[in-house]
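A quick write-up on the structure given underneath.
The values are calculated or read from the model by the stated rules, or taken from the named source; none is laboratory data. These numbers were taken from a predicted model, which means no experiment stands behind them. Here the Cβ positions follow ideal geometry from the backbone for every residue, glycine too, while neighbour counts run over all protein chains shown.
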Amino acid sequence: MKGEIFIKPTLTRREEEILRLISQEYTSNEIARLLEISVRTVETHRKNLLIKTSSNSVVGLLKYAIQQGWVPGFYRNTKL
């Protein structure tokens, strides 16, 4: 809308790490094992990522992340 200012959310280092692993199709259990954290902690980070990006699903999260250039291997100008 006219006059609205969008502030790009800031991700923590851990959220960036988890987002990268989600984009590589790792499950929460696999991420927890790789990062040596609990599955519940992974789910909390995943939930925070959804909130920060105003996404309703992992698909929406990844679409937003690709558009922002947060996911390596994808181009920002890709139309989704």
**Message:** What pairs come out if I take residues in region 5-21 that are more than 11 Å from ASN48 (Cβ to Cβ) and pair them with residues that are modelled with pLDDT of 95 or more whose C-beta lies under 6 Å away, six or more apart or interchain?
**Reply:** LEU21/ILE31
**Message:** Testing LEU80 on (1) at pLDDT 95 or above; (2) touching a helix residue (DSSP H, G or I) at 6+ places or on another chain (Cβ under 6 Å); (3) in a loop (DSSP other than H, G, I, E, B), one condition comes back false. Which one is that?
**Reply:** (1)
**Asked** If you go through region 6-14 one residue at a time, do you hit one that is crowded, with 16+ Cβ neighbours inside 10 Å and modelled with pLDDT under 95?
**Response** yes
**Asked** Being among the basic types (Lys, Arg) and modelled with pLDDT of 95 or more, is that true of even one residue in region 46-67?
**Response** yes
